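No lab work stands behind these numbers, since they all come straight from the coordinates. Computed from a prediction, not measured in an experiment: that's the story for all the values here. Glycine gets a Cβ as well: all are built from the backbone with ideal geometry, and neighbour counts include every protein chain shown.
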């Protein structure tokens with residue numbers, strides 16, 4: 001657990017929110033903390049409809065406790081790393097022996113995807129906490145039980161996982177290979193006949209956890225909700241779950257994407273052992289080992305579940321990794337013994353390679369933030385505030401970083417509206433004291449280049465500051481359906 005903390009916390013305090021997900025979730029959490037709209041998240045005063053709020057609640061809590069937003073963003077991932085490591089160690093010890101528990105914990109921390117996900121400030125780094133607790137509770141009940149208390153803990157963890165990200169229910173899929181093993185009389189699984197009532201209580205525990213957010217949200221919308229709140233409720237319950245799974249509108253990849261583009265890289269070094277592990281697992285399954293069936297069957301079901309969706313990202317299959325590590329750990333001593341017998345020199349080199357592997361990840365935690373430097377949105381918005389004298393700044397084609405690092409009031413017309421440069425031009429005509437921040441690709445359509453001042457660039461665009469005097473008169477759109485204005489109470493990130 002200490003090793004997990006060291007690896008994932010390396011460089012903490014040096015890191016800024018850098019990618020778009022980190023900027024988004026930290027901004028939503030800080031807006032919650034500032035404005036008090038906890039149940040319906042907002043992004044620059046506009047409802048943010050894509051994710052449930054539990055992850056943002058945690059960031060908000062740790063920001064309130066520490067006063068350090070750029071540290072609070074990464075604390076949920078640290079918790080996930082420590083808890084998952086502890087769960088794997090304990091399950092490995094209980095299912096096999098203490099040595100296997102240690103191997104399972106170390107193998108999990110050595111895997112590249114563990115490092116790449118649990119160090120970042122994203123929902124998946126927090127979802128891993130609930131997946132680990134769900135996995136732990138299900139294994140304690142199905143393979144080491146009966147342990148109804150742990151089963152209910154697992155169900156509650158799945159409920160909290162659902163209000164972190166919709167796929168938090170994944171550990172329930174473990175019941176499928178478990179039911180098969182029970183029916184076929186496989187060894188290593190716990191048979192619990194005539195317990196329908198107790199199984200049903202698990203569903204109640206799951207629903208109770210979901211109700212922590214969904215119940216007050218539903219009551220609030222029913223009593224005071226406007227059309228936007230009702231639309232948010234429909235969107236988060238249907239469009240962002242079933243619709244997104246069945247017909248994703250981004251990150252579209254083929255069925256085999258995880259097998260060819262993710263597992264070979266992100267499950268290193270474990271993937272190197274698969275040519276030996278797969279035949280060994282097959283032999284264990286032929287011996288009707290229920291432990292292997294339940295754990296490995298769940299891994300396969302998780303992979304198939306995400307492969308069937310048209311939208312795929314490399315982070316999606318991370319929930320399957322802890323169970324794969326747990327079912328691989330008992331075979332590692334046997335595999336190393338074979339390798340050492342074939343290549344005797346490897347016995348002396350192997351401990352050094354393991355130590356270097358972990359040291360490299362630890363060092364990378366300090367190297368990455370130094371190499372990345374300051375977030376370009378931070379510099380951009382600081383310069384924009386100085387050049388405009390802190391006046392209202394209209395954002396056209398903006399990203400979350402513009403809002404998160406804003407030093408002045410910002411005005412926009414909706415995040416999902418695409419290019420709104422024409423609306424920015426119209427706004428400046430009616431508010432000549434304001435300025436607009438416009439990407440270079442749209443500038444000359446509505447503004448005079450000689451009147452524009454270059455501010456800086458980000459990975460997506462070069463940005464220019466314009467006032468009403470730069471208007472070329474070519475853009476005459478109808479008034480925007482909605483205009484949003486937002487201002488932070490204080491500068492959140494000081495260099």
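Report the full-extension gain for the segment residue 64 to residue 14: residue separation times 0.36 nm, less the Cα-Cα distance, to one decimal in nm.
16.1 nm
How much length is gained if the chain between residue 339 and residue 355 is pulled fully straight, taking 0.36 nm per residue apart and subtracting their Cα-Cα distance, in nm to one decimal?
In short, 3.9 nm is gained.
Hey, rough spin-label estimate for residue 47 and residue 237, points 7 angstrom out along Cα→Cβ, what's it come to in nanometres?
About 1.2 nm separates the two model spin labels.
If neighbour count is taken as other Cβ atoms inside 10 Å, put 21, 226, 378 in order from fewest to most.
The order, fewest Cβ neighbours first, is 226, 21, 378.
Can you give the angle from 0 to 90° between the axis of helix 421-430 and the longest principal axis of the chain, with both taken from C-alpha atoms, to the nearest 10?
Orientation of helix 421-430: about 40 degrees from the principal axis.
Run the simple label-point estimate for residue 144 and residue 93 please: 7 Å along Cα→C-beta, distance reported in nm.
0.9
Going by alpha carbons, how many degrees (0 to 90, nearest 10) lie between the helix axis of 148-162 and the longest principal axis of the chain?
Rounded to the nearest ten degrees, it is 30.
Pull out a ≥ b ≥ c, the square roots of the eigenvalues of the alpha-carbon gyration tensor of the stretch 376-486, then state rounded if a/c is under 1.5, prolate if not and a/b is larger than b/c, and oblate in the remaining case.
rounded
Taking the number of other C-beta atoms within 10 Å as the exposure measure, put 118, 274 in order starting with the fewest.
In increasing order of surrounding Cβ atoms, one gets 274, 118.
Please give the Cα centre distance for the stretch 129-155 versus the stretch 407-453, rounded to the nearest Å.
So the separation of the two Cα centres works out to 54 Å.
If one takes the longest principal axis of the Cα atoms in the chain, at what angle in degrees, from 0 to 90 and to the nearest 10, does the Cα axis of helix 332-342 lie?
The answer is roughly 80 degrees.
Exposure proxy check: 457, 141 ranked by fewest other beta carbons within 10 Å?
Neighbour counts put them in this order, fewest first: 457, 141.
Give me the percent relative contact order of the chain, please, defined on Cα pairs under 8 angstrom at least 6 residues apart.
16
Taking 7 Å along the Cα-to-C-beta vector as the label spot, tell me the residue 187-residue 34 distance in nanometres, rounded to one decimal.
According to this spin-label approximation, the distance is 6.3 nm.
Between (i) 161; (ii) 148; (iii) 137, which entry matches volume of the Cα convex hull per residue in Å³ as derived from the coordinates of this structure?
Derived directly from the coordinates: (i).
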